[in-house]
Every structure is written in structure tokens, then in C-alpha cells.
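The block underneath contains the structure these notes are about, expressed in C-alpha cells.
The values are calculated or read from the model by the stated rules, or taken from the named source; none is laboratory data. Bear in mind the structure is a predicted one, so any value in this text is a computation, not a measurement. Every residue, glycine as well, gets a Cβ built from its backbone with ideal geometry; the counts of neighbours run over all protein chains shown. These accessible areas exclude ligands, DNA and RNA; they are computed on the full protein's heavy atoms, side chains included. Shrake-Rupley method; radii C 1.70, N 1.55, O 1.52, S 1.80 Å.
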Amino acid sequence: MEDLTDFLHRMPKVELHVLLESTMPGELLARFAARQGRSLPRPAERLYDCSAEDLSDFLAFLDGICSYVGTPEELTEAAEHAALAAGEENILYSELILNPTHWPQFTVPELIAAVTEGFDRGQAAGGADCRFTLSLSRTQTAEEAALVEAMTAYRTPRLAGLSIDGNEALAGRTGERFRPAFLAAKAAGFGCTVHAGESSGPEGVRDALDLLEADRLDHGVRAAEDPELVARLVRDQVPLNICLTSNLTLLYRRPEEHPLRQLLDAGAAVTLSRDDPTFLGGLTLTEELRRAAEFARMSRAALLRCQETAVDAAFCGPETKNFLRRALAEFQQS
């Protein structure tokens, strides 16, 4: 039988939960920093050799690395790099998260235009078909309405939806505050995805569903603490974009506590993604899937089902979904 890693590398893949801010290699950022007359805090090859004690530390780290991207042209280059790197490991389609609060040097229209151009260039050069969601920060107040307005005014085919992230444990429950923004995004035809059930418990997942009317959840793993909530997720087949390695780094200090196997056994709709690949040692999606297979005793058929679930959950049109489904079907017949 074909080696599992080779099988996974060859398998057409779809990724729905990865931060664009966490796809920029140190060498790229060093070049950008030099143009500003700055230097990185450590050598480029060791830029990500650091630890974060909690989610707040990690988010502050993201702010720092994004500051080295000084021009829209450099952001375009970073987006192109992400698309090309994804294509190298046979990721056919990827949705990346971009939070404007990490990029105060750019306006929202500049962000949308630069990332769109980078993804266009990357796909034209053989990279993945990449889309992105713009993400609110849970610490924001009035800015959220302006973001949705800008998304609508400056939308491109690459801009797929609205997200929200940030430290729920620190911000508290914010569903009521952001409900108008999410309803406006839905009315404008955007997909809606919500970071929930990571730094928050089951109550964060319920708020994402009931108040923000999320189409899918980024993480969602702590829903496993509430059997009734798990039953609801299974009944409604709400996609959970789970990031095993990231969770085991920032959330579950004891690996046996991670509920991936529990959620799979319950029948939840699960996709698998990397979240923060550079921060996790240059993690590839192939390696993430291999780790999930070993950790949760997932068969190759189960790994393929996660890809099919990701296609169903993607914020793209029927033509793209049909292309991805055909690619997966042809792979299974090969």
C-alpha cells in the first residue's frame, strides 16, 4: 500500500482555516524589513522559534510580524507566496483569514485589492485557488459596521466572507455586539464563519450559531463539553474547521483531552486545517492530516471525507465546488 504521507501529499486538498498572517516565511519578512531600514528580532530562519503562553501572546506576535509588510505591493507578494506554497502540496482550494486590525498600515480597500491581486497572480502561476475572509476582532466596537460596508463596496471574486476572531476569554461574550454586522454580511451574500469554541467554551459556539448565524465554525472543539450542543452540530451538520496541531499547542496541554475522535464518532462535519503554519514550524497540510490520522485513528476514507466536507463548506460557487468534487472523485478512482 502507498505510504500514508505520499498518499496525503498526492490527495487533492481543501483548506478552510488558515491565517494569511501566519503564512509569511521569515526570509520574506526579512527582505521587507530591510527596505524599511529595520531588522527582525531574530534571524529569519529562527523568527518563529518562540513560544506563546496564551492566545493574547500569539495575537500580539501576529501584530509584530505584519508590521514588516510596508506596502500594498509587499502584501500582494505575501498573498502570492501563500497561493504558490499551497499549490506545491496539491491544495487545490484554500480560504485564508485576514484581520485588518493586524494591518493598520493599510486601508480595507487596499487590503482587498492587494490580496486579490496576489491570489490572482499565484493561481495564474500554478498555485492554489485562494479566497479570503475579512475578520473582525472581538475587541472592536463601532468599526465592525464600516468593515462590512467596505467589503460590499470593494468586493472581488476572491473576497468570500466575514469572520471574527480574537480572544473570547478576554473579550467576553460579544455576539450581540456583532450580530448586526453578520446579518449585514449575510444579506450582502457573504459567507460567515466564526472563531468559537477555542478560547470560549460551549457558550461561544451557541452564540456563534444563535446570534451570528454562522455558516461554519473555526475550531468549535470545545462544543464537545456539551453533549446537547454536539447533538445539534451533528443534526445540522455545522462544519467544524478543526486545527489539531494548533489546538495541542495553545489549548489542550494534555493531548488525550482533544475531542477530535469524539466528534468524528458522533458524526460531526469535520474539516482539517493548519491555522498558523509558520508559527507551527512551517507545518504543511499534508503533515497536519498525517498527524490527525495517527492521533484520531482516521482511515484514508475518513481523511477523504474531510476533504469532501470542506468542499461542501467552502464559500465558493457551484462551478468551483463541482471542479473540486471531480478532482476528489478522480483521485479515489486512480
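What the table below lists for this structure:
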| read-out | value |
| --- | --- |
| Tally of residues being more than 18 Å from Glu288 (Cα to Cα), touching a strand residue (DSSP E or B) at 6+ places or on another chain (Cβ under 7 Å) and not aliphatic (A, V, I, L, M) across segment 79-115 | 3 |
| Residues of segment 1-42 classified as open to solvent by less than 30 Å² (accessible area, probe 1.4 Å) and either of a type in the set (Val, Ile, Thr) or part of a strand (DSSP E or B) (or both), total | 8 |
| Residue satisfying all of: in segment 293-325; more than 14 Å from Ala269 (Cβ to Cβ) and outside any helix (DSSP H, G or I); least open to solvent (accessible area, probe 1.4 Å) among these | Ala296 |
| Residues of segment 102-130 satisfying the condition of being farther than 17 Å from Asp165 by Cβ and not in a helix (DSSP H, G or I) | Gln105, Phe106, Thr107, Ala125, Gly126, Gly127, Ala128, Asp129, Cys130 |
| Residue in segment 194-208 that is over 30 Å from Glu256 (Cβ atoms) and not in a strand (DSSP E or B) present | no |
| Any hit, segment 134-148, residues being in a helix (DSSP H, G or I), open to solvent by less than 60 Å² (accessible area, probe 1.4 Å) and in contact (Cβ under 8 Å) with a residue 40 or more places away in the chain | yes |
| Answer residue from segment 224-268, given it is small (Gly, Ala, Ser) and buried (at least 22 other Cβ atoms within 10 Å of the Cβ) and is farthest from the chain's Cα centre (by Cα) among those | Ala224 |
| Residue under evaluation Glu287, criteria (1) part of a helix (DSSP H, G or I); (2) crowded, with 21+ Cβ neighbours inside 10 Å; (3) charged (D, E, K, R), criterion not met | (2) |
| From Leu244, Leu283, residue being more than 22 Å from Leu84 (Cβ to Cβ) and either of a type in the set (A, V, I, L, M, F, W, C) or in contact with a strand residue (DSSP E or B) (Cβ under 6 Å, 6 or more places away or on another chain) (or both) | Leu244 |
| Positions within segment 94-111 being open to solvent by 10 Å² or more (accessible area, probe 1.4 Å) and among the hydrophobic types (A, V, I, L, M, F, W, C), in sequence order | Phe106, Val108 |
| Residue within segment 50-58 that is open to solvent by 10 Å² or more (accessible area, probe 1.4 Å) and at pLDDT 95 or above present | no |
